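What follows is a single structure, written as structure tokens, with notes after it.
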Amino acid sequence: MSYSIHIDQFVTKEILLEHLYFDKDKPNWIPYRTSYYQKNWAFCVSFNDLEKFKEAEYHVVIKAEFIETSLEIGDLFFKGKSESEIVFTTYVCHPSMANNELSGPVVLNAIAKYVSSLDNYYSYRFLFWPETIGAIAYLSQELDNLRRNVVAGFVVTCVGDNRAWGYIPSRTGITLPDWISKRVLKRELKNFTEYSFLDRGSDERQLCSPSVDLPFASITRSKYGTYPEYHTSGDDLNFISSESLQESIDLFSKIIDEFESNRVYISIKMGEPMYSKYALRSGLGGSPTLSKLESQYTNIAALSDGSLDTFEISEILQQPHIHISNLCEKLRELGILKLL
Amino acid sequence: MSYSIHIDQFVTKEILLEHLYFDKDKPNWIPYRTSYYQKNWAFCVSFNDLEKFKEAEYHVVIKAEFIETSLEIGDLFFKGKSESEIVFTTYVCHPSMANNELSGPVVLNAIAKYVSSLDNYYSYRFLFWPETIGAIAYLSQELDNLRRNVVAGFVVTCVGDNRAWGYIPSRTGITLPDWISKRVLKRELKNFTEYSFLDRGSDERQLCSPSVDLPFASITRSKYGTYPEYHTSGDDLNFISSESLQESIDLFSKIIDEFESNRVYISIKMGEPMYSKYALRSGLGGSPTLSKLESQYTNIAALSDGSLDTFEISEILQQPHIHISNLCEKLRELGILKLL
Amino acid sequence: MSYSIHIDQFVTKEILLEHLYFDKDKPNWIPYRTSYYQKNWAFCVSFNDLEKFKEAEYHVVIKAEFIETSLEIGDLFFKGKSESEIVFTTYVCHPSMANNELSGPVVLNAIAKYVSSLDNYYSYRFLFWPETIGAIAYLSQELDNLRRNVVAGFVVTCVGDNRAWGYIPSRTGITLPDWISKRVLKRELKNFTEYSFLDRGSDERQLCSPSVDLPFASITRSKYGTYPEYHTSGDDLNFISSESLQESIDLFSKIIDEFESNRVYISIKMGEPMYSKYALRSGLGGSPTLSKLESQYTNIAALSDGSLDTFEISEILQQPHIHISNLCEKLRELGILKLL
């Protein structure tokens, strides 16, 4: 049992059994239990192993020490052109479990690497901490900074298996990471579960609490608490796979792309630009219809009134965002749009 | 006929017939007619009784006198901890009819008694007046006070029969008594008719008129104008029953409970409280799921951001309001929530 | 080809063919093509006529001259009691085509005549210009005036055939001409197509562009680009009919009626007026239900809180607007309502 006290003594089988955690319903797996604040000693064992305890007396040994030290938090920061921050958090307190939790640091590490390869517009922060207590400690020192800069955050956990995808909204469900998550998940995945904020269970408990109120959502594969292997020895390296981890890395990379490529443009010209002058339309008039591209250029400029970002325009025009972004940049270079 | 003038004279059968009101379609019942401002004399009779008028001449006698006096209004007030008032009105102008109208004063009397038994938070006012003219007279003197204090009001009429339940909204349909009525009716009844404001017909005609604009809704059993016995001698003590009256009293008591128990709390703690410290959660960590109660405590605190009242939280968590209110009070006593 | 340059020379059949526009898919019809800014010469011919070109050499003659002159715009204005303007625009640049475009000026002329017969409350402006360039020229001089006064505008084009009706919204889709168009079209027509702003293609490209942003919608019969005859010699006087033109005139007249008759009234009386005093209700009380008209009067006054116009009240009461407007005027004359 995590956070067990030190013990070195002989006990009867009866006493020992009182200090064993097991789960009859999952007889092959050793459950994960912890006791942070109640001082006690215990072992976690599989139900099937219980029968091995046949002796009348046991020598119980746990070599543990509670020492006063500081809490270490990994805080990896990539400065962008903008002060606005996108934050990814994960936790590192029981890495013996694979999906929940080792997958989180693995994926965070990979997407941090991805960000380091970008000429990034936004600033990015990657936080590795012990769940709950790490978040609280960090918030106690950094809340003001986070409030000033964070435009969107994601709690990254349970991202290594291949059974499911899920999205857990922020408290209000209408913050920026909510829009982005739903947009990218709908576009990239065949299927994902939209959980309620009531289903939350990781560091969004701190980050989205009423008095902290930061814009954080969470994207998971099989969510904590929803798969039988959760918090047992069954959540091991066989449960996750490098393919699934790579899919998660790709998905978060697409979320980063989504942020990096979103802009608000505004039309400069009075009335519709004369597109033929810019070689964006044929000089011959009278064709009954515009080409798809001609139509996209004119619709982009007509919609760029400062109230719609490139995401929204790409959804209105039902086009990939990257395509619309490219057309916007072209129109900006031609002096038809400007960045807001 | 109500408000008939004094008469004592001999008239021919022909003249008499011109002064008889009856209803062919409801031959057994005597219709109710009144003439407040047109001075006239008349009798109301059942269609079946018409054949009894066989004489050529009749001695017509109505002993009536119009005297100058004052209009009396029953105004029963229970001061609560708050100045905010919940108002119930009913009318006492033609109590010969049972559902419309005697049931109103009976029910109002009973719920006033219920309020008197409470350590009430809100103030309550019960108004008994002649329909229309009583409301107008009261408004002419008390409108400013009502505007300052009334948070919700209910016109109580036609609450004695067992055929139906109905709700008539305020003009906008989005005032506090609208929310409360719909919430309680949906929870407590199998079925009720949601009328339109256009179907109104009692003192909400005054109370909800544009220039008065007080937040009043109405809850009825068989609504005036919708049942054949309405405004006839058929609306008698056989049409209503003590069981139905009791059901109405119970429903209005539940509406009062709903008001009395609704509060807005706000979370005090930075981040999620450490529930194990308050004995609201086990100190042992790692169990895959929280118990239902553990989950309710944590969700209540996470939702208490000052924008949701206990009603709304109880609906989000799909729990009885009284249960959520009790948990809120517990969290308040523990210093996790405070009253807004 | 419109805007062809001057030419008078002998060319081979090969060269000539390079300067012929035709449409294989519509072999009987001569396509319409224009070249405003690319200096070139060309002819438009039907595909079926191509075979007539059998000679080896041709004498090509186009007598054309580009002269510097001014752009003429028809600007017909009817001053009303109010400065607020309703604007109708149409274009006069290729009147050889019947539905797109001759129908527009014909209908505009007729509805201008209709307005001249009214004692109009709103001011009306009718603009006849060459498409695109006329709109741009007018906006370059009159935008400030238009912004100050225009409350609604309509681009009138393709209003002569009988195959379809269509409505093209403004950029936001929530401007006054949008509400009015949808209301009248839904009431008057069995069927009409609700296009998207993305389907726009006439002068709303200028009038609704982000930097101009005037409230313009468009109502059409067969919309430009959606019928095979569009921009060909097939769009001739056989394609349109006087019946269809008259239907369009009638529809726009009803839109004008809709504007002319819409008002906001507000109830003056404290509480419900005593309708019997105004002879709007019987003095005899007790009838179970109000007559339809009694009910309409009382509902109008009860709804006239300044937030609803007569359109909206007529929709709430499911009555023709003109009927509700008449009842409102009656109530205004009686001192029960006043104009806001």
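The values are calculated or read from the model by the stated rules, or taken from the named source; none is laboratory data. Remember, it's a predicted structure, so these values are computed and weren't measured experimentally. Cβ coordinates were reconstructed from backbone atoms using ideal geometry, including for glycine residues, and neighbour counts include every protein chain displayed. SASA here: full protein model, heavy atoms, side chains in, ligands and nucleic acids out. Shrake-Rupley method; radii C 1.70, N 1.55, O 1.52, S 1.80 Å.
Looking only at the stretch C:206-246, filter to residues that are among the hydrophobic types (A, V, I, L, M, F, W, C) and closer than 14 Å to C:L102 by Cβ; which one of those is farthest from the other protein chains (Cβ to nearest Cβ)?
At the first step, the residues of the stretch C:206-246 found to be among the hydrophobic types (A, V, I, L, M, F, W, C) are C:207-208, C:212, C:214, C:216-217, C:219, C:237, C:239-240, C:245.
Still in the running and closer than 14 Å to C:L102 by Cβ: C:237, C:239-240, C:245.
Values: C:L237: 20, C:F239: 15, C:I240: 18, C:L245: 23 Å.
Filtering first and then ranking leaves C:L245.
Restricting attention to the stretch B:132-144, which residues are among the aliphatic types (A, V, I, L, M) and surrounded by fewer than 19 Cβ atoms within 10 Å (Cβ to Cβ)? Before you say what the answer is, go through the steps one by one.
Of all residues in the stretch B:132-144, those among the aliphatic types (A, V, I, L, M) come to B:133, B:135-137, B:139, B:143.
Answer for the stretch B:132-144, where residues must be among the aliphatic types (A, V, I, L, M) and surrounded by fewer than 19 Cβ atoms within 10 Å (Cβ to Cβ): B:I133, B:A137, B:L143.
Is it the case that C:K79 is open to solvent by 40 Å² or more (accessible area, probe 1.4 Å), of a type outside the set (S, T, N, Q) and under 24 Å from C:N120 (Cβ atoms)? Steps first, answer last, please.
Details: open to solvent by 40 Å² or more (accessible area, probe 1.4 Å): yes; of a type outside the set (S, T, N, Q): yes; under 24 Å from C:N120 (Cβ atoms): yes.
Yes.
Hey, does the stretch C:121-131 have a residue that's at pLDDT below 95 and touching a helix residue (DSSP H, G or I) at 6+ places or on another chain (Cβ under 7 Å)?
yes
Looking at the stretch A:237-247 only, could you name the residues that are in a helix (DSSP H, G or I) and either touching a Lys or Arg at 6+ places or on another chain (Cβ under 7 Å) or exposed (fewer than 15 other Cβ atoms within 10 Å of the Cβ) (or both)?
Of the residues in the stretch A:237-247, the ones in a helix (DSSP H, G or I) are A:242-247.
Scanning the stretch A:237-247 gives A:S242, A:E243, A:S244, A:Q246.
Is there any pair linking a residue in the stretch C:194-215 that is closer than 13 Å to C:T172 by Cβ to one that is of a type in the set (S, T, Y) and open to solvent by 10 Å² or more (accessible area, probe 1.4 Å), with Cβ under 7 Å and at least six apart or on different chains, and which?
C:S209/A:S267; C:P210/A:S267; C:P215/C:T175
Can you tell me which residue within the stretch B:89-131, out of those that are in contact with a Ser or Thr (Cβ under 7 Å, 6 or more places away or on another chain) and more than 24 Å from B:S241 (Cα to Cα), is least open to solvent (accessible area, probe 1.4 Å)?
Per the stated criteria, the residue is B:S123.
Among the hydroxyl-bearing types (S, T, Y) and closer than 29 Å to B:Q319 by Cα, is that true of A:S181?
no
Here's the yes/no breakdown for (1) more than 10 Å from chain A (Cβ to nearest Cβ); (2) at pLDDT below 90; (3) open to solvent by less than 10 Å² (accessible area, probe 1.4 Å):
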position: B:S267; (1), (2), (3): no, no, no
position: B:S282; (1), (2), (3): no, yes, no
position: B:S287; (1), (2), (3): no, yes, no
position: B:L290; (1), (2), (3): no, yes, no
position: B:Y297; (1), (2), (3): yes, no, no
position: B:D305; (1), (2), (3): no, yes, no
position: B:D309; (1), (2), (3): yes, yes, no
position: B:I322; (1), (2), (3): yes, yes, no
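Restricting attention to the stretch B:1-58, report how many residues are within 14 Å of chain C (Cβ to nearest Cβ), polar (S, T, N, Q) and open to solvent by 80 Å² or more (accessible area, probe 1.4 Å).
Selection size over the stretch B:1-58: 1.
Considering each residue of the stretch C:269-280, count those that are of a type in the set (D, E, K, R), facing another protein chain (nearest Cβ under 7 Å) and open to solvent by 40 Å² or more (accessible area, probe 1.4 Å), and give that number.
Going through the stretch C:269-280, the residues of a type in the set (D, E, K, R) turn out to be C:269, C:272, C:277.
Within this subset, residues satisfying the condition of being facing another protein chain (nearest Cβ under 7 Å) are C:269, C:272.
Checking which are open to solvent by 40 Å² or more (accessible area, probe 1.4 Å) leaves us with C:269.
Summing the residues that are of a type in the set (D, E, K, R), facing another protein chain (nearest Cβ under 7 Å) and open to solvent by 40 Å² or more (accessible area, probe 1.4 Å) in the stretch C:269-280 gives 1.
Answer with yes or no whether B:E101 is of a type in the set (D, E, K, R) and either within 14 Å of chain C (Cβ to nearest Cβ) or in contact (Cβ under 8 Å) with a residue 24 or more places away in the chain (or both).
Answer is yes for this residue.
Among the residues in the stretch A:71-87, are any at pLDDT 95 or above and among the polar types (S, T, N, Q)?
no
Restricting to helices (runs of 4 or more DSSP H) lying wholly in the stretch C:255-340: which have 1 or more residues that are touching a residue at least 40 places away in the same chain (Cβ under 8 Å)? Show your work before the answer.
Numbers: elements: C:292-303, C:310-316, C:321-333.
Helices (runs of 4 or more DSSP H) meeting the threshold: C:310-316, C:321-333.
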